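Right, one structure below, let's go through it.
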Amino acid sequence: MPSFFENIAELLQRYGMTYLSGAGTTLLISLVGTFFGCVIGFLVGIVQTIPVDKKRDSKFKRVILAVVRAILRAYVEIFRGTPMIVQAVFIYYGARIVFGINMGMWTAAFFIVSINTGAYMAETVRGGIMSIDVGQTEGAKAIGMNHLQTMLYVVLPQTFRVIIPQIGNNYIINIKDTSVLSVISITDLFFAHKSAAGALYTYFESATIVMVIYLTMTLVTSFLLRMLEKKMGGSDHYDLATKDTLALTSGTYNFPDKKKSEVDHK
Amino acid sequence: MSEPILQINHLSKSFGAHEVLKDIDFHVCNGDVTTIIGASGSGKSTLLRCINLLEEPTSGEILYNGSDITAKSVDPASYRAKVGMVFQSFNLFNNMSVLKNCMIGQTKVLKRSKEEAEANAMKFLKHVGMDPYIHAKPAQLSGGMKQRVAIARALAMDPEILLFDEPTSALDPQMVGEVLAVMRDLAKSGMTMLIVTHEMAFARDVSSRVVFMKDGVICEDGAPEQIFGNPKEEATKEFLARFMNN
């Protein structure tokens, strides 16, 4: 099919920059949205898991906490339960018509993706916190840490490590889902495809290019996240802090490196 | 005998309709090494967890150096900083190295400087023989090693009393010895200790007082020679006979 490759070449020549800037927009919005989504998710998840001490906490504190939790619960359910494309229209035009605020499409895009991701992340973080063994919290309490310190130094670092795959999921979903933001005139990668394909009537060829670009973005993301995960897991062996060389012969490995020990045996 | 550091009056604890502790009266004096023995489910661990406020007592009072720590005005965190606890399941922080495990409480709770905390942590890690492993993460250590680090972590807070909740129950037989050796050493150094254990030989040799619990009440309380040599209560005799036969 010579015409297929010719069409692709022509598309790239004439619309290469459009695709690239569309891809840049997509990456930027999903990156910012995922980042703030994580921040929102952590904050909501933390509030939802504050323990209530019926005896020591004042009634005022308990009532406030219950109200805040109800609001956050509603937020999570509303934004998880409606499509982002509808949320985008609702918020962008709602802000303008009801409150007279012109958000600008960039602010609107960042806002919508962040708040949407936040709703999912809130549940992810809550689940992550619940998955950490209660012994970790008790260990922290036993040396006198208060709830905030326990969360900050013990529970949340471990939670973060557990939910990295979910953060990756959300980021990849965002890369694809930002395509719906063309309803508020964001010229992302999908919008670039529509304009290029429409102008030259080369839907298949343009879709091929865009597929490759989307896949490249998501594969690179997966790879980077795996690296981060591995790095956070730490080294699988440790150095003994001793000059006693005899001690070095015992138990320095957690999971012996298979390849390495095979080499050693040869 | 000196002033009691811990005085427990009429302590009860229920989980729902199930009454685990029934009207416990009990005290610990400075320098005492008290072991609590008894069958599983007799309320030993719950008593220990109440003393550290990990469980909220249903009624009764716990006087620590004369003041009631179950009062509303008492902040559990600052009380716990003075009372060390060693758990059956170690509960070392999985995200930190051995050294960091022993420093974090000192720097964040006691607000010590990093240098001071590190020197102090190293002192106690050396004491339990874990100083070569300061860079290891808990997941890379054996059970006995983890428990020794947990003891060092508790000691690094300079506690006034140390609570042990079945510290050797999760360990292989050959690792029990290394942990008990550390605890023996501590007892000799004059540390006030309250130990829930199933290690009868250890209880007999090391403690200055043995408490036998059954069904949420303190059944018998006395010197180890008396409890193990000449128990008064029928229940104590039965329990010990069963244990010695095993």
- Hand me the list of strands (runs of 3 or more DSSP E) wholly inside segment B:13-100 holding 1 or more residues that are on the phi > 0 side of the Ramachandran plot. B:18-29, B:33-38, B:59-64
- Item | Criterion violated by B:Cys29 - all others in (1) open to solvent by 20 Å² or more (accessible area, probe 1.4 Å); (2) away from every other protein chain (no Cβ under 14 Å) satisfied | (1)
- Message: For segment B:144-170, give me each residue that is of a type outside the set (Ser, Thr, Tyr) and part of a loop (DSSP other than H, G, I, E, B).
- Response: B:Ala156, B:Met157, B:Asp158, B:Pro159, B:Glu160, B:Glu166, B:Pro167, B:Ala170
- Message: If I filter segment A:119-135 down to residues being within 14 Å of chain B (Cβ to nearest Cβ) and in a helix (DSSP H, G or I), which single residue comes out as most open to solvent (accessible area, probe 1.4 Å)?
- Response: A:Val134
- Could we say that B:Gly16 is under 28 Å from B:Phe243 (Cα atoms), away from chain A (no Cβ under 14 Å), surrounded by fewer than 14 Cβ atoms within 10 Å (Cβ to Cβ) and without any contact (Cβ under 8 Å) to a residue 12 or more places away in the chain here? no
- Query: Pick from segment A:136-170 the residues that are small (Gly, Ala, Ser) and in a helix (DSSP H, G or I): which of them is farthest from B:Asn52 (Cα to Cα)?
  - Reply: A:Gly168
- May I ask you to list the residues in segment B:63-73 that are more than 8 Å from chain A (Cβ to nearest Cβ) and surrounded by fewer than 16 Cβ atoms within 10 Å (Cβ to Cβ)? B:Asn65, B:Gly66, B:Ser67, B:Asp68, B:Ala71, B:Ser73
- Out of (1) of a type in the set (A, V, I, L, M, F, W, C); (2) in contact (Cβ under 8 Å) with a residue 40 or more places away in the chain; (3) within 30 Å of B:Glu55 (Cβ to Cβ), what's the single condition that is false for A:Phe79? (3)
- Query: Can you name the number of the only condition in (1) away from chain A (no Cβ under 11 Å); (2) under 28 Å from B:Thr197 (Cα atoms); (3) of a type in the set (S, T, N, Q) that B:Ser113 fails?
  - Reply: (2)
- Query: Tell me, which residue of segment A:15-56 that is among the small types (Gly, Ala, Ser) and touching a residue at least 24 places away in the same chain (Cβ under 8 Å) is surrounded by the fewest Cβ atoms within 10 Å (Cβ to Cβ)?
  - Reply: A:Ser21
- Query: Quick check: anything in segment A:103-110 open to solvent by less than 60 Å² (accessible area, probe 1.4 Å), more than 24 Å from A:Leu225 (Cβ to Cβ) and either outside any helix (DSSP H, G or I) or modelled with pLDDT of 95 or more (or both)?
  - Reply: yes
- Query: Restricting attention to segment B:114-129, does a residue exist that is assigned to a strand (DSSP E or B) and either touching a residue at least 12 places away in the same chain (Cβ under 8 Å) or within 21 Å of B:Ser207 (Cα to Cα) (or both)?
  - Reply: no
- Task: Could you tell me which numbered condition A:Ala66 fails, if it satisfies all but one of (1) closer than 30 Å to B:Pro57 by Cα; (2) at pLDDT below 85?
- Result: (2)
- Residues in segment B:124-138: is at least one in contact with a Gly (Cβ under 8 Å, 6 or more places away or on another chain), within 11 Å of chain A (Cβ to nearest Cβ) and open to solvent by 20 Å² or more (accessible area, probe 1.4 Å)? yes
- Query: Mind checking which residues of segment B:194-246 are in a loop (DSSP other than H, G, I, E, B) and in contact (Cβ under 8 Å) with a residue 60 or more places away in the chain?
  - Reply: B:Thr197, B:His198, B:Ser207, B:Ser208, B:Asp215, B:Gly216
- Within segment A:40-59, is even one residue part of a helix (DSSP H, G or I), hydrophobic (A, V, I, L, M, F, W, C) and at pLDDT 95 or above? yes
- By residue number, the members of segment B:139-179 that are of a type in the set (A, V, I, L, M), under 19 Å from B:Glu199 (Cα atoms) and open to solvent by 30 Å² or more (accessible area, probe 1.4 Å) are B:Met145, B:Ala170, B:Met175
- Which of (1) farther than 18 Å from B:Gly216 by Cβ; (2) surrounded by 19 or more Cβ atoms within 10 Å (Cβ to Cβ); (3) within 14 Å of chain A (Cβ to nearest Cβ); (4) β-branched (Val, Ile, Thr) does B:Ile5 not meet, given it meets every other one? (3)
- Scan segment B:94-123 residue by residue and report those that are open to solvent by 50 Å² or more (accessible area, probe 1.4 Å) and touching a Lys or Arg at 6+ places or on another chain (Cβ under 8 Å). B:Asn94
- Query: If we keep just the residues of segment A:146-176 that are open to solvent by less than 70 Å² (accessible area, probe 1.4 Å) and closer than 30 Å to A:Gly104 by Cα, which is farthest from the other protein chains (Cβ to nearest Cβ)?
  - Reply: A:Ile175
- Could you grab me the full set of residues in segment B:32-45 that are open to solvent by 10 Å² or more (accessible area, probe 1.4 Å), farther than 18 Å from B:Ile161 by Cβ and in contact (Cβ under 8 Å) with a residue 60 or more places away in the chain? B:Ala39
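Listed here are the residues, each with its yes/no results for (1) at pLDDT 65 or above; (2) of a type in the set (D, E, K, R); (3) surrounded by 15 or more Cβ atoms within 10 Å (Cβ to Cβ); (4) touching a Cys at 6+ places or on another chain (Cβ under 9 Å).
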{"site": "A:Lys194", "(1), (2), (3), (4)": "yes, yes, yes, no"}
{"site": "A:Ala207", "(1), (2), (3), (4)": "yes, no, no, no"}
{"site": "A:Thr218", "(1), (2), (3), (4)": "yes, no, yes, no"}
{"site": "A:Leu225", "(1), (2), (3), (4)": "yes, no, yes, no"}
{"site": "A:Asp239", "(1), (2), (3), (4)": "yes, yes, no, no"}
- Message: Taking the conditions exactly as written (farther than 27 Å from B:Thr34 by Cβ, in contact with a Pro (Cβ under 9 Å, 6 or more places away or on another chain) and within 12 Å of chain A (Cβ to nearest Cβ)), does B:Met85 satisfy them or not?
- Response: no
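The values are calculated or read from the model by the stated rules, or taken from the named source; none is laboratory data. If you're wondering where the values come from, they're calculated on a predicted model, not measured in any experiment. In this analysis, Cβ positions are derived from the backbone assuming ideal geometry, glycine residues included, and neighbour counts consider all displayed protein chains. Each accessible area value is taken on the protein alone, full model and side chains, heavy atoms only, with ligands, DNA and RNA left out. Shrake-Rupley method; radii C 1.70, N 1.55, O 1.52, S 1.80 Å.
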